[in-house]
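One structure is given here, and the rest of the page talks about it.
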Amino acid sequence: MNNAAGSEAVAPRWRESGLVWLILAALLLGLDQWTKIIAVAALEYAVPVPVFPGLNWKLVHNHGAAFSLLAGASGWQRWFFLTLALVISVVLTLWLRRLPRIAWNLCLPLALIVSGAIGNAIDRVLYGYVIDFVHVYWREWSWPVFNVADSAISVGAVMLVLYELGWLGPKRETG
């Protein structure tokens with residue numbers, strides 16, 4: 001079997017599987033990294049820049065996980081969260097491989113989570129922390145500062161719950 005024949009046999013299966021959704025994940029990963037580059041270049045650390053009431057740009061470094069969980073630990077959390085993100089990304093990618101491309105209601109949330117996990121993992125490798133810059137608040141209440149990757153993970157997780165509840169259309173067999 002020559003290389004051309006081998007690649008032709010694999011290509012249609014890849015295009016028909018949920019792996020196609022990794023294209024969206026790659027685009028979101030690019031958006032996440034691009035917005036973080038802009039935030040680092042344009043914002044002064046921890047100084048809020050008002051966008052409109054309820055939203056600031058505010059550059060912060062998150063050494064922990066969501067909501068700064070374990071941010072005050074002695075440094076081991078960097079490697080723990082990096083390993084966790086990579087394991088989750090591999091498991092979800094293998095799951096996507098088993099799904100049909102048309103199963104958008106499961107492929108989309110999985111791709112969002114993979115994108116966000118890898119986006120934050122890149123930060124942990126490069127800097128030892130995650131770059132966050134979106135600050136939502138209302139009067140005295142303040143949501144933890146977040147980024148595009150965090151948003152992708154959160155939306156993907158909510159969509160997975162909705163999928164499991166049957167609120168995103170019919171469930172598909174995973175192969």
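Give the residue, chosen from ILE118, ILE88, ILE102, that is part of a loop (DSSP other than H, G, I, E, B) and either surrounded by 15 or more Cβ atoms within 10 Å (Cβ to Cβ) or over 16 Å from the mean Cα position of the chain (by Cα) (or both).
Details: ILE118 fails: part of a loop (DSSP other than H, G, I, E, B); ILE88 fails: part of a loop (DSSP other than H, G, I, E, B).
It is ILE102.
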Only residues in the stretch 148-162 that are among the charged types (D, E, K, R) and buried (at least 19 other Cβ atoms within 10 Å of the Cβ) count as the first member; pair them with residues that are part of a helix (DSSP H, G or I) and at pLDDT 95 or above, Cβ under 8 angstrom, at least 6 apart or cross-chain, and list the lot. ASP150/GLY116; ASP150/ASN120
Note down all Cβ pairs under 8 Å where the first residue falls in the stretch 61-81 and is hydroxyl-bearing (Ser, Thr, Tyr) and surrounded by 14 or more Cβ atoms within 10 Å (Cβ to Cβ), the second is modelled with pLDDT of 85 or more and in a helix (DSSP H, G or I), and they're at least six residues apart or on different chains. none
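Select from the stretch 13-32 the residues that are surrounded by fewer than 19 Cβ atoms within 10 Å (Cβ to Cβ) and under 20 Å from ALA149 (Cα atoms) and write down the one among them that is farthest from the chain's Cα centre (by Cα).
As a first pass, look at the stretch 13-32 and keep what is surrounded by fewer than 19 Cβ atoms within 10 Å (Cβ to Cβ): 13-16, 20, 23-24, 26-27, 30-31.
Of the ones still in play, those that are also under 20 Å from ALA149 (Cα atoms) are 20, 23-24, 26-27, 30-31.
Working: VAL20: 16, ILE23: 13, LEU24: 11, ALA26: 10, LEU27: 11, GLY30: 11, LEU31: 11 Å.
The qualifying residue farthest from the chain's Cα centre (by Cα) is VAL20.
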Identify the residue in the stretch 126-144 that is without any contact (Cβ under 8 Å) to a residue 60 or more places away in the chain and either part of a loop (DSSP other than H, G, I, E, B) or in contact with a Leu (Cβ under 9 Å, 6 or more places away or on another chain) (or both) and, among all such residues, is nearest to SER115 (Cα to Cα). TRP143
Could you tell me which numbered condition HIS135 fails, if it satisfies all but one of (1) modelled with pLDDT of 95 or more; (2) in contact with a Lys or Arg (Cβ under 8 Å, 6 or more places away or on another chain); (3) within 23 Å of ALA26 (Cα to Cα)? (3)
Within the stretch 12-31, can one find any residue that is among the polar types (S, T, N, Q), in a helix (DSSP H, G or I), in contact with a helix residue (DSSP H, G or I) (Cβ under 8 Å, 6 or more places away or on another chain) and under 30 Å from ILE102 (Cα atoms)? no
In the stretch 145-175, anything assigned to a loop (DSSP other than H, G, I, E, B) and either farther than 14 Å from LEU28 by Cα or at pLDDT below 95 (or both) is listed as VAL145, LEU165, GLY166, LEU168, PRO170, LYS171, ARG172, GLU173, THR174, GLY175
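The values are calculated or read from the model by the stated rules, or taken from the named source; none is laboratory data. Bear in mind that the values here come from a model prediction, so they are computed numbers and not experimental data. As a convention, Cβ positions derive from the backbone with ideal geometry for all residues, glycine included, and neighbour counts pool all protein chains shown.
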